[in-house]
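Notes follow once the structure below has been shown.
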Amino acid sequence: MSQENVEVVRRAFAQFEQGNFWVPELFDPDARVRWLDVVGMRSETVGLQNMSDFMKTWFEVHENLTMTAERLIDAGDQVVVFAAWHGRGRASGASTDWPHAAVWTLRNGKVISIEGYNDRASALEAAGLRE
């Protein structure tokens with residue numbers, strides 16, 4: 001099942017790389033996301049509608065927003081992802097890149113949670129792995 005989990009995450013990132021962040025078929029309806037801490041505070045959403053609403057706030061201040069995965073690491077019912085957000089500030093026009101890591105947890109082929117981290121070591125540790 002763990003390789004299947006990696007494939008689910010790979011399918012999600014294939015869409016994210018094209019700027020499509022709405023792939024509800026890959027997520028449990030009650031999926032929990034603890035978003036990447038980019039301004040000194042963490043945000044959490046539960047459920048597809050809350051996830052969508054949160055993403056809309058990102059699109060209000062960024063344009064050409066995409067996310068690419070550099071590496072996917074099989075960790076059983078979890079997948080550790082080393083990735084980066086890419087975009088441009090709507091007001092400033094400045095290009096931005098936010099490298100980060102995340103632990104995606106899956107059950108029955110659906111994403112049930114994503115936990116964002118600012119560094120790779122923290123994500124690996126959360127999944128019980130080391131570099």
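Any read-out appearing in this document is the output of simple, stated calculations on the displayed coordinates, not a laboratory observation. Since the model is a prediction, treat every value here as computed from it, not as a measurement. For neighbour counting, all protein chains shown are included, and Cβ atoms are generated from backbone atoms with ideal geometry for every residue, glycine included.
So, with +1 on the Cβ of K and R and -1 on the Cβ of D and E, and no other charges, what is the size of the charge dipole of the chain about its Cα centre, to the nearest 20 debye?
Numbers: 13 positive and 19 negative charges, 29 e Å.
The calculation lands at about 140 debye.
Backbone geometry of the stretch 109-123 corresponds, through the Karplus equation with coefficients 6.51, -1.76 and 1.60 at θ = phi - 60°, to 3J(HN,Hα) couplings of x, 10, 6, 9, 7, 9, 10, x, 9, 7, 9, 5, 4, 5, 5 Hz, x marking Gly and Pro. Among the chymotrypsin sites (Phe, Trp or Tyr not before Pro) in the stretch 1-104, those located in a DSSP loop and surrounded by at most 11 other Cβ atoms within 10 Å of their own Cβ are Trp22.
Helix 48-61 axis versus longest C-alpha principal axis of the chain: approximately 40°, rounded to the nearest ten. Derived scalar couplings between HN and Hα for the stretch 5-20 equal 5, 4, 5, 4, 5, 4, 5, 4, 5, 4, 6, 4, 5, 9, x, 9 Hz in order, rounded to whole Hz, by the Karplus curve 6.51 cos²θ - 1.76 cosθ + 1.60 (θ = phi - 60°), x for Gly and Pro. The Ala121 and Ser43 beta-carbon pair, evaluated with R₀ = 22 Å, returns a calculated FRET efficiency of approximately 0.50. Remark on His62: its backbone amide H falls under 5 Å from those of Arg90, a criterion applied only to residues 5 or more positions apart or on other chains, H modelled at 1.01 Å from N. Distance between the modelled labels on Arg90 and Arg10, one decimal in nanometres: 3.5 nm (7 Å Cα→Cβ projection). Amide H contacts under 5 Å for Arg32: Gly47, Ser113, Ile114, restricted to partners 5 or more places along the chain or on a different chain, H placed in the peptide plane at 1.01 Å from N.
Given [x] -0.71, -1.04, -1.22; [y] -0.78, -1.18, -1.35; [z] -0.68, -1.12, -1.38 as candidate values of log10 I(q)/I(0) by the Debye sum over Cα atoms at q = 0.15, 0.19, 0.21 Å⁻¹, which corresponds to the one derived from the coordinates? The value computed from this structure is option [z].
So if R0 is 35 Å, what FRET efficiency would Glu63 and Leu26 give, r being the distance between their Cβ atoms, rounded to the nearest 0.05?
On the way: r = 24 Å, r/R0 = 0.70.
E between Glu63 and Leu26, to the nearest 0.05, is 0.90.
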